[in-house]
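Beneath this line is the structure, given in structure tokens, with notes to follow.
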Amino acid sequence: MNNRIFLIGYMGSGKSTVSSILSEKTGFPCIDMDQEIESAEGMPIRKIFMKYGEHEFRNKESELLDKLCHVTGAVDLLAGEATGEAKVLNKVSKYEAFGQIEGGLIVSCGGGVILDDLNRTILNQQCTIFLEADPKTLFQRVNGDENRPFAFMDVQNENERLQKFLSLYQKREALYREAAAITVQTDGKSPQEIADEIVHLIK
Ligand SMILES: Nc1ncnc2c1ncn2[C@@H]1O[C@H](COP(=O)(O)OP(=O)(O)O)[C@@H](O)[C@H]1O
Ligand SMILES: O=C(O)C1=C[C@@H](OP(=O)(O)O)[C@@H](O)[C@H](O)C1
Ligand SMILES: [Mg+2]
């Protein structure tokens, strides 16, 4: 059984909820990337976005993902390939300790982790599972959650907010599929049922 599982998917798809159930079922520790970033930076994600911008949050997210996947730098990963872009990933960072974790792990990623090309390449080499769901259902789940820092969350008009949420999902959907080895359709299933399905799939 592959013992390092990464859950990806749009906001509200149940990554955090399902990963803690999976952790109980497998006995592997669970890491919620958003929580780890909040704890390392000492502030909620929404505040990181407001204070430093989304770009800085994405850098931290990539840094943490590299450590969790034992990737020490872009050069190692892309060895032999021409990459015009140099990304300094192997500097000593707040997230260094995550690179020392050995053994099984359940990782709940942030919904936007797939936006970065290199993150998708790294995830594609792991056991990465896309929790697929109807984005309209997801909107109902996260609508009004003040901790989610997206511009559309602050749009006053409900229908306009929904349209923005759906259009962002449309832009991202192919990226989730590209990064994942397995897709689990979650509509109409409870987090327990989804976790059971995943345990069965990775056996
Ligand atoms: N399969 C599901 N069915 C119903 N509600 C769910 C399901 N998965 C998650 N939820 C609920 O949706 C909300 C968002 O879930 P969460 O795990 O935080 O999603 P994510 O980490 O993917 O953003 C939570 O209130 C959670 O209880
Ligand atoms: O979709 C996104 O870009 C984000 C999703 C959030 O995680 P969840 O998917 O767990 O809400 C969190 O990483 C951040 O607010 C950005
Ligand atoms: Mg989450």
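The values are calculated or read from the model by the stated rules, or taken from the named source; none is laboratory data. Here the structure is a predicted model, which is why all the values come from computation and not from measurement. Positions of Cβ are generated from backbone atoms using ideal geometry, with glycine treated the same way; all protein chains shown enter the neighbour counts. Surface areas here come from the heavy atoms of the whole protein model, side chains and all, with no ligands, DNA or RNA. Shrake-Rupley method; radii C 1.70, N 1.55, O 1.52, S 1.80 Å.
Worth pointing out:
- For segment 14-28, a residue qualifies if it is more than 13 Å from ligand 2 (Cβ to nearest atom) and of a type outside the set (Asp, Glu), and the qualifying residues are 21, 22, 23, 25, 26, 27, 28.
- Candidate set: segment 15-57, residues that are basic (Lys, Arg) and more than 23 Å from residue 132 (Cα to Cα); chosen: the one least open to solvent (accessible area, probe 1.4 Å): 46
- Every condition in (1) of a type outside the set (Phe, Trp, Tyr); (2) away from ligand 2 (no atom under 16 Å from the Cβ); (3) in a loop (DSSP other than H, G, I, E, B) is met by residue 149 except one, and the failing one is (2).
- Looking across segment 1-13 at every residue that is near ligand 2 (Cβ under 9 Å from one of its atoms) and open to solvent by 10 Å² or more (accessible area, probe 1.4 Å), the one that is farthest from residue 173 (Cα to Cα) is identified as 12.
- The set of residues from segment 123-151 being within 12 Å of ligand 1 (Cβ to nearest atom), among the acidic types (Asp, Glu) and in contact with a helix residue (DSSP H, G or I) (Cβ under 8 Å, 6 or more places away or on another chain) comprises 132, 145.
- Extreme residue, nearest to residue 109 (Cα to Cα), among residues of segment 29-73 that are more than 10 Å from ligand 2 (Cβ to nearest atom) and β-branched (Val, Ile, Thr): 31
This table checks each residue for (1) away from ligand 3 (no atom under 15 Å from the Cβ); (2) within 20 Å of residue 96 (Cα to Cα).
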{"site": "16", "(1), (2)": "no, no"}
{"site": "23", "(1), (2)": "no, no"}
{"site": "29", "(1), (2)": "yes, yes"}
{"site": "37", "(1), (2)": "no, yes"}
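- In segment 178-203, of all residues being touching a residue at least 12 places away in the same chain (Cβ under 8 Å) and among the polar types (S, T, N, Q), the one that is farthest from residue 126 (Cα to Cα) corresponds to 192.
- Counting the residues of segment 140-179 that are within 24 Å of residue 65 (Cβ to Cβ) and of a type in the set (Val, Ile, Thr) gives 1.
- Close pairs from segment 138-167: first of a type in the set (D, E, K, R), partner in a helix (DSSP H, G or I), Cβ under 7 Å, at least 6 apart: 148/142; 161/152; 164/152
- Taking segment 147-171 as the range and being under 17 Å from the mean Cα position of the chain (by Cα), farther than 16 Å from residue 137 by Cβ and surrounded by 13 or more Cβ atoms within 10 Å (Cβ to Cβ) as the test, the residues that pass are 149, 150.
- Here segment 17-43 is the region considered, the condition is being outside any helix (DSSP H, G or I) and more than 16 Å from residue 93 (Cβ to Cβ), and the residue that is farthest from ligand 1 (Cβ to nearest atom) is 27.
- Verdict on residue 108 being at pLDDT 85 or above, surrounded by 15 or more Cβ atoms within 10 Å (Cβ to Cβ) and small (Gly, Ala, Ser): yes
- Residue 184 open to solvent by less than 30 Å² (accessible area, probe 1.4 Å) and away from ligand 1 (no atom under 15 Å from the Cβ): no
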